[in-house]
Amino acid sequence: MRDRRNGTWIVSRIRLPSLFCAWALAYLKVGRIRRCAIPSLISILLIEAGVCETRIRFQEIAADSGIDFVVDNSETDRKFQIEPMIAGVALFDFNNDGLLDIFFCNGADIWTLEKTEEKYFNRLYVNLGDLKFADVTAEAGVRGQGYSMGTAAGDYDNDGWTDLYVTGVNRNILYRNLGNGRFEDVTIRAGVTASVEGLGKLWSVGAGWFDFDNDGDLDLFVVNYCVWSRDKDSRCGADKPGYRTYCHPKMYDPLPNLLYRNEGDGTFIDISEESGIGSHLGKGMGLALADFDSDGYLDAFVSNDAWRNFLFRNLGTGRFEEIGMEAGVAYTDSARPVSGMGADAGDYDGDTLPDIFMTALSNETFPLFKNLGDGLFRDDRFQSGIGVDTLPWGGWSLGMVDLDNDGDLDLFTAGGHVQTNEELYTNRPSQQTNRVFENLGNGRLEDVTLQCEGLTAIGLHRGAAFGDLNNDGLLDVVVTRLNAPAEVLRNSTEAAGNYLLLQLEGTRSSRSGLGSEVRVTLDSGRELVRLARSAVGYGGSSDSRVHVGLGNSALRSVRIVWPGGNTQELEGVRANTLVKVKESYSD
Amino acid sequence: MFRNSVNVVCALIVWLGSTTGSSAQSQEAVDAFSGADYSRAAGLLEREMSEGRPANRIPLFLGVCYLNLGRTEKALPLLLDASDRFPEDAEVWFNLGLCSFRLRKFDEAADALEKSLSINPGQPQVYKLLGRIHVVREAYSRAERAFIKAMQLSPRDSETVYLLGRLYQSIGRLEEAAHAFDHVLELAPDSVRAQAYLGTVYFGLGKGAEATELLERSVKTNATMSEPDFVPHLEYGIYLQRMDRLEQSAAQLQKAAELSPSNLETWVELGRSLYRLNRLDEASRALMKAAELDPKDSRPHYLLARICYEQGDKRCGDKHARQAEWNLDSQPH
């Protein structure tokens, strides 16, 4: 284990096998050669001896940390469609103390769709340090209203305090962070209710903040699922006790997504129609925001449930063109829609272009779309190995994150089937573990879940958000599961690589710097590109700071490409540090 | 797969011989029928009918001849007529059910088979056909019950167990599918389809080594057959494709295409493997063949669109993309 504060080795705390493993891995990781990519005598011996197959480790610390949150979806035997969909969890620093706090979304009484009891309140936990948290929901005034679903954190008014948007079935809420530990519901004043003339309040599952027009403030993309009303919900599955199931999405009509443009005065204008976003009906779930075609404008990928996915190409004129079919992300090359769940964007194969990863349900495989450049993608499921490894599993939220700081993006998925009684119909379990697919650095990913400590808990996992809760340079994960305690997975990976954590502060760009690209060149000459993003997975909001695993390398250069193209070279940045970067520019 | 049972035909022949008198023509018809020369039997029976002797069961027998000759449309009115005349005859209803099944009139087929079973519940072949109809109607629980009943009545019939395995496989009950295919292989060790599908099921269950062994075995066994089956090559080819062993996959799928040039899946999968190998021209040819075989399938057009776009031919890409979308939208949900 490397002490990241002073760079010295601390041997005394390390178990011998781990030390041996760490040494062996370091030895094998010369250049980009990985132990799993090229079998070597040492790696074979290590694996055969059961010493280690992956370094990625987690410790589940929710109870010890003071997190006692349980999603309560007001589950019924009737199986209403909204019940299995709650996922919201956000990791963001609401009080600017340098530590990530945690916000959770919760359900409501199914018959009134109101938070009639405390068990349905959304929850905000303040990070006290040392991975201890305290519930400050009441003081902050964020218990919420309605049947909540997802959340997106972002500083929409550029006042330096991160605000919070909460999506739901019957209420969407924009909370303005007042900077004094309290939030104010400004939804109506801001004009982001997600109500549309003729359709009423749309069922929103997720949202994401991004500055689509590069005007220096964050706009809001709201992902909507389908038309639902309790009184008209269909009944599915066998008509006997315990056999009812949630209906297939085909039983419900699709909805448009929404795009709100930030007017810079605390209000937003719904430009869904004029932007082109609103003219495409779907059953939206996940949202990934990135500049997929490298034209300087952020695009939006929406994974849809049993419906073609959308890739909204930002034309830079205030309009978006839906190009999913042409780009090759509407479907996998099976040419059939999957039960699209969460989505994320990141460069999984090291070619500096953002690829797209999404989750789906059992027997479908999780799609992985490799960005070929020129606006084209290729279904890379089977080439990467993810297709075979994910066939049995259901996934909800996810993240493309470097869990062992080796310089490539691993995949974490929140596991669970949509049904609570899947066993009655197939051999697939309803309650599943979360899963980790380690990036082997050669274009292949490997399911290392069984080797990762701390991932044995099963459940109907839904939400997952990623961030460094204790600022130790390793990305932790907070996962929700329906009607069971949330999991706080402290990343305890041993012998992890070096890292860099960047906290961006835009000046001409939006204050949070969301949408920026961080381009890191290692002393080996290898270039890593990572995105400043918070819309990650399904219904969640992750640490907007940019985490870069560096492997064993040192840094040669660090460059920030702010939204709009302003480029900033950083001087004197050292590995294993948290660096605050304020945008500078020269006209 | 579902021919009329020999017993049924024999019974009909006996009955025909005993009721149509001793004409040489009748005897000839019986001989032709018993020799499975349905074409000749049909000709003789047609003559009997045209000579004004359509009494008794001749329309039924002619209907059965037509069924065996694949002239299903002509068989239907005759069998309907027979069901009016002999409503208590279970065999008549079975043949009507079979005829309706072949005409894709699944509701009528199911009704006829249920009627047959209400008269004689001891007919495994009727349960088997009923199970197939329920599969098509996506009534999987009923299909399962029908196949199990058929198995109880005819426990050595490997085809019924095979159908049950395919049912389980298609609905994701892979453990049960594996069990069923295992049982098929006990009854019929050289069933290359059972070997191949068991391999595919093991693959789905994450049992890679077993999958490889079975799929390789199915291909080897197939090579010893006088009439090799395309299915082992197709299943092995798909497996290899999923394992990213694309050259080997393409070779297996090419072999499957040679053995069954009109099988849609084979051409789609061959096109997909070739596409992933970046052998785009060959992939296009395979996919065009698939599109010819079933113009309503979205997959060939989607993959062709991908190839066109990657080759920079936007017009071609748009054309196939539109067709793929059209086909997808046209599919029943």
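The values are calculated or read from the model by the stated rules, or taken from the named source; none is laboratory data. From a predicted model like this one, the values you see are computed outputs, not experimental measurements. Every residue, glycine among them, receives a Cβ derived from its backbone with ideal geometry; neighbour counts consider all protein chains shown. Surface accessibility is based on the protein's heavy atoms, side chains included, excluding ligands, DNA and RNA. Shrake-Rupley method; radii C 1.70, N 1.55, O 1.52, S 1.80 Å.
Quick notes on this structure:
- Cα gyration tensor shape for region B:34-158, rounded if a/c is under 1.5, else prolate or oblate: prolate
- Length-normalised contact order of region B:262-333 in % [C-alpha pairs under 8 Å, at least 6 apart]: 26 percent
- Amide H within-cut-off set for A:Gly181, under 5 Å, with H built and near neighbours excluded: none
- Relative contact order of chain A, defined on C-alpha pairs under 8 angstrom at six or more residues apart (%): 15 percent
- Restricting region B:129-190 to trypsin sites (Lys or Arg not before Pro) that sit in a DSSP loop and have at most 14 other Cβ atoms within 10 Å of their own Cβ leaves B:Arg137, B:Arg156.
- Helix-only arithmetic for the protein assembly as shown: the sum of -39500 (n - 2.57) across DSSP H runs with n ≥ 4, divided by the residue total, places the mean residue ellipticity at 222 nm at -10000 deg cm²/dmol.
- In order along region A:300-307, the phi-based Karplus estimate (6.51 cos²θ - 1.76 cosθ + 1.60, θ = phi - 60°) of 3J(HN,Hα) comes to 10, 9, 10, 7, 10, 8, 6, 7 Hz; Gly and Pro are listed as x.
- Inter-centroid distance (Cα atoms) of region A:282-301 relative to region A:92-124, Å: 27 Å
- Trypsin sites (Lys or Arg not before Pro) restricted to region A:307-338 and DSSP loop, no more than 14 other C-beta within 10 Å: A:Arg319
- Long-range HN-HN contacts of A:Ala207 with modeled amide H, under 5 Å: A:Thr151, A:Val223, A:Gly539
- Accessible surface of B:Ser226, taken over heavy atoms with a 1.4 Å probe and every protein chain present, rounds to 120 Å².
- The Kirkwood hydrodynamic radius of region A:428-587, based on inverse pair distances between different Cα atoms, is 17.3 Å.
- Measuring against 22 Å, Cα to Cα, the residue pairs B:Lys220/B:Lys255; A:Lys119/A:Lys283; B:Lys255/B:Lys296; A:Lys79/A:Lys283; A:Lys79/A:Lys250 contain A:Lys119/A:Lys283; B:Lys255/B:Lys296 as the ones spanning a longer distance.
- Scalar couplings 3J(HN,Hα) for region A:434-447, obtained by applying the Karplus form with A = 6.51, B = -1.76, C = 1.60 to θ = phi - 60°, are 6, 9, 10, 10, 7, 6, 7, x, 10, x, 10, 10, 10, 6 Hz; x denotes Gly and Pro.
- Between helix B:124-136 and chain B: long-axis angle, C-alpha atoms, 0 to 90°, nearest 10: 40 degrees
- Acute angle (nearest 10 degrees) that the helix B:140-153 long axis makes with the longest principal axis of chain B, alpha-carbon atoms: 50 degrees
- Over 38 Å [Cα-Cα, chain A], rounded percent: 23 percent
- The angle between the Cα long axis of helix B:192-204 and the main principal axis of chain B comes to about 50°, on a 0 to 90 degree scale.
- Simple spin-label estimate for B:Leu277 and B:Lys314 gives 3.2 nm between the two label positions (7 Å along the Cα-to-Cβ direction from each Cα).
- Rounded if a/c under 1.5, otherwise prolate or oblate - region A:272-375, Cα gyration tensor axes: oblate
- Straight Cα distances below 18 angstrom link B:Lys74 to the aspartates and glutamates B:Asp37, B:Glu46, B:Glu48, B:Asp84, B:Glu108, with same-chain residues fewer than 8 positions distant left out.
- Euclidean distance of C-alpha centroids, region B:158-197 and region A:312-376, integer Å: 36 Å
- For A:Trp307, A:Trp396, B:Trp267, the ranking by accessible surface with the largest value first comes to A:Trp307, B:Trp267, A:Trp396, using a 1.4 Å probe.
- Region B:196-269: relative contact order in percent, alpha carbon pairs under 8 Å with at least 6 residues between: 25 percent
- For the pair A:Glu75 and A:Asp109, label points projected 7 Å from Cα toward Cβ lie 2.1 nm apart.
- Once you reduce region A:385-406 and region A:522-585 to the center of their Cα atoms, the two points are 23 Å from each other.
- Table column - 3J(HN,Hα) (Hz), region A:495-501, Karplus curve with 6.51, -1.76, 1.60, x for Gly and Pro: 6, 5, x, 6, 8, 9, 10
- Tensor-based shape of region A:365-417 (alpha-carbon gyration tensor, a/c under 1.5 rounded, otherwise prolate or oblate): oblate
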